1. Of all helices (runs of 4 or more DSSP H) completely enclosed by the range A:1-88, which ones contain at least 2 residues that are under 30 Å from residue A:99 (Cβ atoms) and either basic (Lys, Arg) or at pLDDT below 90 (or both)?
2. What are the residues in the range B:122-177 that are within 14 Å of chain A (Cβ to nearest Cβ), among the β-branched types (Val, Ile, Thr) and within 22 Å of the chain's Cα centre (by Cα), if any?
3. Residues in the range B:157-170: is at least one touching a Pro at 6+ places or on another chain (Cβ under 7 Å), surrounded by 16 or more Cβ atoms within 10 Å (Cβ to Cβ) and within 30 Å of residue A:233 (Cβ to Cβ)?
4. Tally time: how many residues in the range A:282-312 are acidic (Asp, Glu) and part of a helix (DSSP H, G or I)?
5. Tally up the residues in the range A:340-379 that are touching a residue at least 24 places away in the same chain (Cβ under 8 Å), within 22 Å of residue A:263 (Cα to Cα) and of a type outside the set (S, T, N, Q), please.
6. Does any residue of the range B:34-46 turn out to be surrounded by fewer than 16 Cβ atoms within 10 Å (Cβ to Cβ), modelled with pLDDT under 95 and hydrophobic (A, V, I, L, M, F, W, C)?
7. For residue B:273, are the conditions met, namely being farther than 19 Å from residue B:147 by Cα, touching a helix residue (DSSP H, G or I) at 6+ places or on another chain (Cβ under 8 Å) and either within 14 Å of chain A (Cβ to nearest Cβ) or part of a helix (DSSP H, G or I) (or both)?
Amino acid sequence: MKKVFLLFVISLLVISPVAMAKEPVKVGLISVLSGPLAVIGKGEEYGGRMAVEDYGEVLGQKVELIIKDHAYNPGLANERAKELYEKDKVDVITACPNSAAALAVSDQALRHKRLFISTSAGTCDLIAKNRYTIKWNYNDYMLATTVGRWGARHLGKRWYTITADYAWGHDLLKYFTAALKEEGGVHVGNDMVALGTADFSPYILKAKKAEPDVLVLLNVGKDAANSTKAAVEYGLKEKVKIVHALLFEVDIKGAGIETFTGDYVAASWNWQVDTPGARDFADRFYKKFGERPHFMAAAVYSSVWQYLEAVKRAKSKDPEAVKKALKGHTFRDFFANPGYVRAEDLLQVGKAYLLRVKKPGEVKEKEAFFEIVGTLPPEKAHPPVGFFGRKF
Amino acid sequence: MDIEYIFAQLFNGLMLGSFYILLSLGLSIVFGMLGVVNFAHGAIYMLGAYAAYTICQVFAQSFWLALILSPIIVGIIGMVLEATLIRRLYAFAHFYNLLLTFGVMLCIEEVVSIIYTPIGKPFGTPGTFVGSLDLGFIIFPRYRIFIILITMICSIGMWLFLAKTKLGAIIRAGTDDSEMVSALGIDISRIFTLVFGMGAALAGLAGVLAAPVQNIFPYMGGSILVETFVVVIIGGMGSIVGSILGGLIIGELITLGVIFWPPVANTLIFIFMALILLLRPRGFFGRAKFFE
């Protein structure tokens, strides 16, 4: 009997700390890990993994990271978000490229009253969409406004746009033309081009005829590469400067750097920015995964890190407490220095950068494709509070 | 709107049409003779581009070598496909092979994206063709002129081959009645393999030619396949002249749409196809047996 009692006591001593401890902080990450866009999604996954590893413990426990693939499909993203919130009981979901997918996840966040930090979708509809959605990293307004404002001052006055014909392109065009007008630029013409158009030459010829100083390509991925190639072929590139809405390192690798040499693009971050720690992060990332982090990967890292910091400050993982700790708090990490989350609409703002693609001979290090040619302060680059008619 | 601009655009339409001609020729003769709606055609086109890329990497950027070798390689791959897989389903309804080729398409795309990564590969304009040529009325990129010329040569060659040679006569006869042809003591199954290989080689050639114009990536065949089907439907299944005419019409329609009415530029070809299907379901030069 004595023995049994002793055993009981011992087992109680062993079990109780585990039983008494609270659940660990759980971070969910949704990205595109299959299909052609997985090259972008993998970077986000790596960013998330590194953040959790580097951060260590919060509230006395290791952070748990759960990664899901939505294959760039909004329907699947919706399911994944539901699983993460309900089954895996995550406290926050981060990343999620594809605007429609992010909007679906945002709805799930509201339904489950838990946080969603959108780092990878551009649509401005996510800004102040609901009280559980925090918009991190970039947004379409910021991309278009940055090139519009900076470009009108530095690149020329006459601008021609070639726009991807869907909601994303239309939004970019709207913000871009507004920014251009404000800086005194002239919009001499625009073409809406269907996704996946193989031959951009008819549009390039049209653009050439309008004699612009700058050609803006409001498209992404293969469309960006193919339209630039046509501009090179028709000699338009020798005459005008080309500006992109989005340009990834993988696009440059895929089409060859000489295609994009001298082109401009806006970004919220690049691994060569002079923020303290950026270089170190990029080197560690490179060592681990064999490639340089793109700005989405850095943003996922930063969002996870700052979320955990907020949990630490709030001493709780309660969404309201975490939000309170995040709001208006100025943080400095390698991603944003400084950056902060606006209390009025939960938008994370930071500096915006203008990058220019180097000449092939100037690339001294692997994937050092860009040089930084300009910056815009957060207040200029991001939409003013209430710009979309929503605030808290 | 000045005349030079219009001419340049018309030439662009011609170039775009050239790709459709090369692709639809293959698609059309394969359907005409084998009765196979080849959904893998776009993937085979992509294979041509990747073959060219690989050859250029191995043999010091020799575009000419790629231009000759890639269609041959892709043609052989096509023949192997026919002899091992597609042949087994001739006895069944059309859609069995449709499903099979759809599966083959997915396999080819995935294998290529595993080997070459899904990012795509850079492919510059070959050195000889960099720059533009002044044709008097317009200045047009050399490489695009080259594409138009090659397509002209191939189309005429195909037509001569089918119309004037004995083998061509057998193929034409086989299109009408393959049972009768084999009853005459001709090994029709070898002819089938050859025809499929030819179709694949033409698609491969289109892939090589397209590589410098657009970027090569594993899924590049998907969108162009849709337009090629439109060409085949307009021109008439199984007809060479129909493919050529259909290709030119679609190429020009897309380009002219961009100048005069951009919002419908991409819909225009489908409107045109719908009209053709209403007025003449067999297409311009198709024979009545397929759709009427």
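1. By residue number, A:38-55, A:74-86.
2. B:125, B:145, B:147, B:148
3. Scanning the range B:157-170 turns up no residue that is touching a Pro at 6+ places or on another chain (Cβ under 7 Å), surrounded by 16 or more Cβ atoms within 10 Å (Cβ to Cβ) and within 30 Å of residue A:233 (Cβ to Cβ).
4. Looking only at that region, the number is 2.
5. Here the count works out to 22.
6. Within the range B:34-46, not a single residue is surrounded by fewer than 16 Cβ atoms within 10 Å (Cβ to Cβ), modelled with pLDDT under 95 and hydrophobic (A, V, I, L, M, F, W, C).
7. Spelling it out, residue B:273 is indeed farther than 19 Å from residue B:147 by Cα, touching a helix residue (DSSP H, G or I) at 6+ places or on another chain (Cβ under 8 Å) and either within 14 Å of chain A (Cβ to nearest Cβ) or part of a helix (DSSP H, G or I) (or both).
So that you can scan it fast, the table gives a plain yes or no per residue for (1) among the aliphatic types (A, V, I, L, M); (2) out of contact with any Ser or Thr (no Cβ under 8 Å at 6 or more places or on another chain); (3) surrounded by fewer than 19 Cβ atoms within 10 Å (Cβ to Cβ); (4) in contact (Cβ under 8 Å) with a residue 40 or more places away in the chain:
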site	(1), (2), (3), (4)
A:23	no, yes, yes, yes
A:32	yes, yes, no, yes
A:50	yes, yes, no, yes
A:83	no, yes, yes, no
A:97	no, no, no, yes
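The values are calculated or read from the model by the stated rules, or taken from the named source; none is laboratory data. Predicted, not measured: the structure shown is a model, and the values here were computed from it. FYI the Cβ positions are ideal-geometry reconstructions off the backbone, even for glycines, and counts take in every protein chain you see.
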